Amino acid sequence: MSLPAPAPTSPYHAEEGHVGTAIATPTVLATRDFSLWYGSHQALFDITFDVPEHQVTAVIGPSGCGKSTWLRSLNRMNDLLGIVRTEGSISYRGTDIYERHVDAVEVRRRIGMVFQKPNPFPKSIRDNLAFPLRINGIRVGVEQRIETALRRAALWDEVKDRLARSALELSGGQQQRLCIARALVTEPEVLLMDEPCSALDPGSTARIEDLIQELRQRYTVVIVTHNMQQAARVSQHTAFFYVGRLEEFGPTREIFTKPTNKRTEDYITGRFG
Amino acid sequence: MSASSQLAAPPRLRHRHRKSGLFAVLAAGSLGVGVLVVVLLIFATMRESGALSSMHATATAGLALSQRAATNGTESTPYVSIAQVTPTSPAETLGLAQGDALLAIGGNIVRDVREVWATVAALPANKSTATIAWVPNLEALLGELELVPVAEQAGTFRVRLAYVGTETVAAKQGLRDGDVLLSANGLALHGSQQTWQAMVTAARTNNAPLAVVLERDGKRKELPFRVQREGELPLDRNLIAALWRFVTSLDEPRYPEHAGLASAILGSLLVVLVTILFSFPLGIAAAVYLEEYAKRTRITSVLQVLIANLAGIPSVVYGIIGLEIIDRTLGLGRSILTGGITLGLLILPVMILGCREALRTVPPWVRQAAFAVGATPSQVVWYQVLPYALPGMLTTMILAVSRAIGEAAPLIMLGAFLFVTYLPNGLMDTFTVVPIQIFTWATRPQAGYETIAAVAIVVLLVILLVLNGTAIVLRNRYQLRW
Amino acid sequence: MQATLTVLPRTPSLAAPRHRRLFEAAVRYTLLGCGLIAVLVAGLTAWTFFAGSLPFFEKVSLGEFLGSIRWAPITVPEGYGTLALIADTAVITGISLLVAVPLGVLAAVFLSEYCSPRLRSFLKPVLEILGGIPTVVYGFFALRTVTPWLQEMFPSIGFWNGLSAGIVMGFMILPLVASLSEDVLYAVPRSLREAAYALGATRGEVILRVVLPAAMSGIGAAFILALSRAIGETMIVALAAGRTPAWPPDPTQPMMTLTTTIVNIATGDHEATAFIWAALFAIGALLFVVTLSLNIASHFIVKRFRELYE
């Protein structure tokens, strides 16, 4: 892989060649002129871009820029706040998920989510994975599915002997992988990750970053991170948000090497953040 | 001067420290007083309830006792009258009958009903019988009487034996028809009832036969006359048996030793059952709606404040609501159903508050995690929120029930079921409950009712202690820590 | 072994299945209905008192109701003045607060400032259990134990008297005052205490000069709640205080509070249609309004106190 010499400040430099190149794939989630208000406060302004299939899309930006808000709009988690109003559309495979007849529960069953802080249910490891299956009415091959999900989350070998133990006994990194497994067990198409490593130590972070690369084979991943190196390491596409607006979107390599936008450049070179 | 002594407190500071210590003692003392006084009052009540086994003993022996007063001129002496004798009881076998006067138990003179029970309680623990002394009632003692006016004192009457028969005590001791009784142990005898009463008081002070002066065939004559009889009466002082009989008997309006708590206990159970059926589903559902479904708006926060403060409205006020809305408007009468719903209304705010509190201890991320894997709102609540909120909710429920069990004021409003001598048959029956029974007994004038009120209090307190203790343990032990 | 998972249909029909939609709606509206019943109850309560006491105030002026001392609803001419009842209620309430507030606040100070956590975790449930003793039991204590004690000390005290009821009521309310005040003291931030210690204050001085003044409004709220509880207390006064209004109020003699009056009317042999029932609603409404206002006032004071320190 040959790259033009990157700017010395670019974090991308450190992980050169780690991730595959951004290629054109079909769009899974299309955001069009999407705006969002919390009460009277507008948090997102006319966001428009596409999330491509089987790629990792990273969203970066300073805190409060709306990146998490946008992520939570993709599976309508913002609905739970009760005071949210939206305009524009977010389409999943051509269907606007904000249309009247669309059920947020159906959306979330196809678009899984992993949160900033590991949040396993305070139950056994098995129960954590059985719950999504049960509410989806899946009763056959439950053990099989649990094992597969744990393997895909690279957790199986560590927990296979203690599935009945409480999930809270696991370490933070294991808990986060359990949450990933929990999101995968019902086989969604998209996996949203909201700063999934921010509460973890570097070793656990590395494992999860590796895992994200494997997951991309089967799922479309969208990851919000405040850590630019991480975005550079794991993603093929990067979106840069600033004060509720999408400033720039493109292949990760281009964003980090030759950003077209002045603010993006300032941000990734660490002039603010 | 060494460095350490430089840091020692100078006198002024020592004085301040002493004042500080005094304040600590004051604070600890206040808490101590607050707790100890109530504990002391509870102990006093428990002591009062101790007479139960003696009451049980006289009652199962077949006696119902009541307090009477012997009057002689202006003087009035109390004595214990046997008001009823249970058929085929040991007392009847012994020959005791209604109207007899009880003089002594185990050689100890008893003047009033409390003394009877205190004496029975003081008998040696291994004794299951006691020698009792009594004076048979007027008829069994003297037969039929006639009144003879006293010539020199208008309005005063002596008694003349009109028919002594063969079975009376008088006949057996040589008194005859036509004898006019003049005095006993030097005490002038007047009137029929007073004559008998005078003999009772005279016999009580001295175990020997009375020296009776009488007029027979126009002549004065002195005769020894033993009015008291003695016998061994079996007395069952088993406390367990006493308690069991107490909780399984009905109320008795005159003789506390025969009264029991059965209808009140059953009434309490049924009322609380209705209360639970009414307020638990409503309270839990309302709490779940407010906490998990309702949007946070002005209206819900106003509701929140209202509900929180309805919980502190005097319970007697709920009684008025029960009376007006449930009894009169809905026409449910002064029934168990009305009582239960009234108490249900009373604890509904408590339930809603407590359940919301319990739901709030489940952190929001649990809900988020459940929603994110595609759970519907009801699945989130049912599978992820309620299980974790359950210990807190159970605690609330137990505390609410124990409040309902002890509540009397609103039910007193609902009716004059202050005297219920039957077991409730259904939910539309009138009823009494334990706290009201306590209230009733505590206000009855006859001696002994305060004792059974105390016993009922001990029973109630034990039940509530168990309930509240369970709730506290449940809360401290099983509540998940996040 | 990597088993394949059955995949949800990729062509998205994102509408909820009909049965699920119906079920969720049913759950939601059932819960809402239950919530509405609770609200309805609150509304009905207010309405009952308003409608029930309306006929009373058509005949008796508010001035007479609150200003006259003559309460004689069944004699002729009738009197519907509650001033004596209010005064008796105030005296008994005052006695109970004299017992409950100093002891309760000091007990709270001990619990929050001096007590070891172990002792505290034992004492708090004890207080809670004492607070859970039914009021009729406290009434019995007053009538059968405290009154005889008082009579031994002061022979002039009547069998029924306000003093005994007030004292026992104080001990009944004490756990409430202690627990509320303790919450408040506990909420006073550590930094305030530390600042005072750093200035060389002794422990007692920190509590008296810093913690208690800082917690004053919260303790005031506890006081108001205790006041409301004492005003509404029924069984103790019904058992121990007697049923004769005293004017001027003398706690050594029988007294009749507002709550006893309600009990008296309800348990008396009055026709349910008689005017005296309207009087019952009027007194009930008075109690309802007074206690609800006190509770709400206390609620907002505590809220403001919490906002101050959080």
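Here, each number is a calculation from the coordinates, and none is a lab measurement. Note that the coordinates shown come from a computational prediction; the quantities given were computed from them, not determined experimentally. Glycine also receives a Cβ, built like all others from the backbone with ideal geometry; neighbour counts cover every protein chain displayed.
Observations
- Estimated [θ] at 222 nm from DSSP helical runs (n ≥ 4, -39500 (n - 2.57)) normalised by residues in chain B, nearest 500: -16500 deg cm²/dmol
- Radius 14 Å from Cβ of residue A:33, net charge of other residues (Lys, Arg +1; Asp, Glu -1): -2
- Shown is the FRET efficiency for residue A:261 and residue C:13, computed with R0 = 35 Å from the Cβ-Cβ distance and rounded to the nearest 0.05: 0.35.
- Each label was represented as a point 7 Å from its Cα along the Cα-to-Cβ direction; for residue A:79 and residue B:25 these points are 6.8 nm apart.
- Peptide-level mean, for C:45-53, of C-beta atoms on other protein chains within 10 Å: 3
- Phi-based couplings in Hz for the stretch B:394-402 (Karplus 6.51, -1.76, 1.60; Gly and Pro marked x): 4, 4, 4, 4, 5, 5, 5, 5, 5
- Rounded to the nearest 10 degrees, the angle from helix C:18-59 to the longest Cα principal axis of chain C is 20 degrees.
- The mean number of partner chain beta-carbon atoms within 10 angstrom of a residue's beta-carbon across peptide C:299-305 is 1.
- Modelled spin-label separation between residue C:120 and residue B:128, with each label point placed 7 Å from Cα along the Cα-to-Cβ direction: 5.7 nm.
- Residues whose amide H comes within less than 5 Å of that of residue A:238, counting only those at least five positions distant or on another chain, are A:58, A:250, A:252 (H built at 1.01 Å from N in the peptide plane).
- With the simple model of a label 7 Å out from the Cα in the direction of the Cβ, residue B:12 to residue A:99 spans 8.4 nm.
- At 1.002 mPa s and 20 °C, Stokes diffusion of the stretch B:140-226 via Kirkwood alpha-carbon radius, µm² per second: 166
- The charge dipole of the protein assembly as shown, taken about the Cα centre with unit charges on the Cβ atoms of Lys, Arg (+1) and Asp, Glu (-1), comes to about 2520 debye, rounded to the nearest 20.
- Sites residue C:190 and residue C:243, calculated FRET efficiency, Cβ-Cβ separation with R0 35 Å, nearest 0.05: 0.10
- Taking amide H atoms as placed 1.01 Å from N in the peptide plane, the amide H of residue C:256 lies under 5 Å from those of C:244, C:246, each 5 or more residues away in sequence or on another chain.
- Cα centroid separation, the stretch B:242-283 to the stretch B:365-387 (Å): 42
- Of the GluC sites (Glu not before Pro) found in the stretch B:133-207, those in coil by DSSP whose Cβ has at most 13 other Cβ atoms within 10 Å are B:152, B:167.
- For the stretch B:53-133: rounded, prolate or oblate by the Cα gyration tensor [a/c cutoff 1.5]: oblate
- Inter-chain shielding of C:138-149 (mean C-beta neighbours from other protein chains, 10 Å cut-off): 5
- Using the Karplus relation 6.51 cos²θ - 1.76 cosθ + 1.60 with θ = phi - 60°, the per-residue 3J(HN,Hα) values for the stretch B:138-146 come to 3, 5, 6, 7, 10, x, 8, 10, 10 Hz, with x marking Gly and Pro.
- Cα centroid separation - the stretch B:32-80 against the stretch B:290-362, whole Å: 41
- Cα shape, the stretch B:30-98, gyration tensor, a/c 1.5 rule: oblate
- Taking amide H atoms as placed 1.01 Å from N in the peptide plane, the amide H of residue A:113 lies under 5 Å from those of A:192, each 5 or more residues away in sequence or on another chain.
- Compared with the dominant principal axis of the Cα atoms in chain C, helix C:258-267 is inclined by about 80°.
- Folded to 0 to 90 degrees: helix C:162-187 orientation relative to chain C principal axis, Cα: 30
- For the stretch B:32-48, Karplus couplings with θ = phi - 60° (6.51, -1.76, 1.60), whole Hz, Gly/Pro x: x, 4, x, 6, 5, 4, 5, 4, 4, 4, 5, 5, 4, 5, 5, 4, 4
- For chain A, a/c is not less than 1.5, where a ≥ b ≥ c are the root eigenvalues of the C-alpha gyration tensor, and a/b does not top b/c. That puts it in the oblate class.
- Between residue A:144 and residue A:166, the FRET efficiency from the beta-carbon distance, with R0 = 30 Å, is close to 0.85.
- The stretch C:250-310-the stretch A:72-90 distance, computed between alpha-carbon centres (Å): 49
- Here the gap between residue B:77 and residue B:478, fully extended at 0.36 nm per residue and compared with their Cα-Cα distance, gives a gain of 138.1 nm.
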